[in-house]
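**Student:** Before I ask anything, let me first share the structure, which is written out below as structure tokens.
A short reminder: the numbers here are calculations on the coordinates, not readings from a lab. This one's a predicted model, so the numbers in the text were calculated from it and none came from an experiment. Heads up, the Cβs are rebuilt from the backbone with ideal geometry, glycines too, and the neighbour counts pull from every protein chain shown.
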Amino acid sequence: MKYRILIFCLYFSSLSNAQQLPVQTLWWNTQSIYNPAYSGLHNKQAAGISGRYQWTGIEHPYESALAFYDQQLFSEKMGIGGNYSYNHVGNTQTSNRFHVNLNYAFRFKHSSLRIGIAPGIQRLRMDYPAWITTSPQPDPALPQSGAQTKFSFNSGVAWTNDKLSLNFGVCQLTKPYFDKVKFHSAPEYFLGLTYSTALPNGSTLNPSFHMEKNGPSSQIQTALFFHHQKGPQLGGFWRRQDSSGVIIGFQKKNPFLFQYVFEIATGSSAQFRKYSHELHIVYLLKKEI
């Protein structure tokens, strides 16, 4: 039993290392969290909050929250923003991150390209159980519970036109190492593609593709939702070997967007993880055309 406890803790630590940024099904609402080039890309101003309650079937579920604000500067030539994310994994890992986004736009006739950077800080807290060793003295090879704050740096590029948006972001370029708790933070890569096509009745159809990679682990997600001209939204998503679910939302002429997703876990561990819930409330002040 002692060895089983140790193996489980080490496994859970390695699992959380692959999920340092909050998982987001509705990622297209919070892209500036992962890519600083996205601040001010589509809107004069944008601000939002989101919350996610994941894996309801386990004793200590995964919880996360995000908040962001983005704004255009100098007639859309630059964008600036700030974002905060909170991530709580089981009863072991808690992280808080804050970054300031800054980007510059290269504008073309029918499209634009933005390049962005985001310096920030990351605070990580690890609460390990009491390790069982053969010696009464602490083993320096084992990580110790505690909290540390480190510098973090993100970067990214984004290209967009009237219908298509393509962005690529890299988070944690500095590879912060939390030596006290012996936790390595590897770079995380994000690729996102969104498309919007107008329908004859004035509504839109919005497919998207998203890929994340952290070390040896990767994740792929596709989604499709319909936005009726009167406001309602309905769609679905699929995440490879993880989950699938339903997306519902509402946005009319007012600047507020509401979207909610209900997920059902799939794969071999579905009987333990069961359901997840995610809610986004976003304020969008559109560009003048």
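**Student:** State the answer as a single residue: which of 231, 264, 275 lies farthest towards the positive end of the charge dipole of segment 225-289, with beta carbon charges of +1 for Lys and Arg and -1 for Asp and Glu, about the Cα centre.
**Tutor:** About the Cα centre, the residue reaching furthest to the positive side is 231.
**Student:** Normalised by the number of residues in segment 2-286, what is the relative contact order in percent for Cα pairs under 8 Å and 6+ residues apart? Before the final figure, lay out the partial values.
**Tutor:** Details: 761 pairs, mean separation 48.2, N = 285.
The normalised contact order for segment 2-286 reaches 17 percent.
**Student:** How big is the dipole moment of the chain about its Cα centre under a simple scheme where the beta carbon of each Lys and Arg is +1, that of each Asp and Glu is -1, and everything else is neutral? Debye, nearest 20, please.
**Tutor:** Working: 26 positive and 14 negative charges, 85 e Å.
Roughly 400 debye, rounded to the nearest 20.
**Student:** Let me ask you something else. Charges only on Cβ, +1 for Lys and Arg, -1 for Asp and Glu: so what's the dipole of segment 139-289 about the Cα centre, in debye to the nearest 20? List each step's numbers first, then the result.
**Tutor:** Working: 15 positive and 9 negative charges, 49 e Å.
The dipole magnitude comes to about 240 debye.
**Student:** Do any of 163/286; 180/274; 150/213 go past 24 Å between their Cα atoms, and which? List each step's numbers first, then the result.
**Tutor:** Details: 163/286 15 Å; 180/274 34 Å; 150/213 22 Å.
Exceeds cut-off: 180/274.
**Student:** What net charge is computed for the residues neighbouring residue 232, neighbours being all others with C-beta under 15 Å from the C-beta of residue 232, Lys and Arg scored +1, Asp and Glu -1? Mind dumping the intermediate values first?
**Tutor:** Numbers: positive: 230, 252, 253; negative: none.
Within the 15 Å Cβ shell, the charges total +3.
**Student:** Let me ask something else about it. Using only DSSP helix segments of four residues or longer, with each worth -39500 (n - 2.57), what per-residue ellipticity at 222 nm results for the chain after dividing by its residue count and rounding to 500?
**Tutor:** Values: 3 runs with 24 residues, N = 289.
Computed ellipticity for the chain at 222 nm equals -2000 deg cm²/dmol.
**Student:** Treat the count of other C-beta atoms within 10 Å as a stand-in for reagent exposure and order 240, 125 from fewest to most.
**Tutor:** Working: 240 14, 125 17.
Ranked by crowding around the Cβ, least crowded first: 240, 125.
**Student:** Going by alpha carbons, how many degrees (0 to 90, nearest 10) lie between the helix axis of 2-17 and the longest principal axis of the chain?
**Tutor:** 20
**Student:** Restricted to Cα positions, what overall size does segment 2-286 have along the principal axes? Three whole-Å values, descending.
**Tutor:** Principal-axis extents of segment 2-286 (Cα, largest first): 72, 41, 28 Å.
**Student:** Okay, moving on. Check the straight Cα-Cα distances from residue 175 and name the aspartates and glutamates below 15 Å, setting aside those fewer than 8 residues away within the same chain.
**Tutor:** Cross-link targets: 188.
**Student:** Using each residue's phi in segment 162-170, evaluate 6.51 cos²θ - 1.76 cosθ + 1.60 at θ = phi - 60° and report the 3J(HN,Hα) Karplus result to the nearest Hz, with x for Gly and Pro.
**Tutor:** Result, ordered by residue: 5, 10, 10, 9, 10, 9, 9, x, 10 Hz.
**Student:** Can you tell which of 214, 121, 29 lies farthest toward the positive end of the dipole of the chain, using +1 and -1 charges on the Cβ of basic and acidic side chains (Lys, Arg; Asp, Glu)?
**Tutor:** So the residue furthest toward the plus end is 29.
**Student:** From the phi angles alone, apply the Karplus equation (6.51, -1.76, 1.60; θ = phi - 60°) to segment 271-284 and give each ³J(HN,Hα) in whole Hz, x where the residue is Gly or Pro.
**Tutor:** Running phi through 6.51 cos²θ - 1.76 cosθ + 1.60 with θ = phi - 60° gives 5, 9, 8, 6, 10, 9, 10, 9, 10, 10, 10, 10, 9, 10 Hz.
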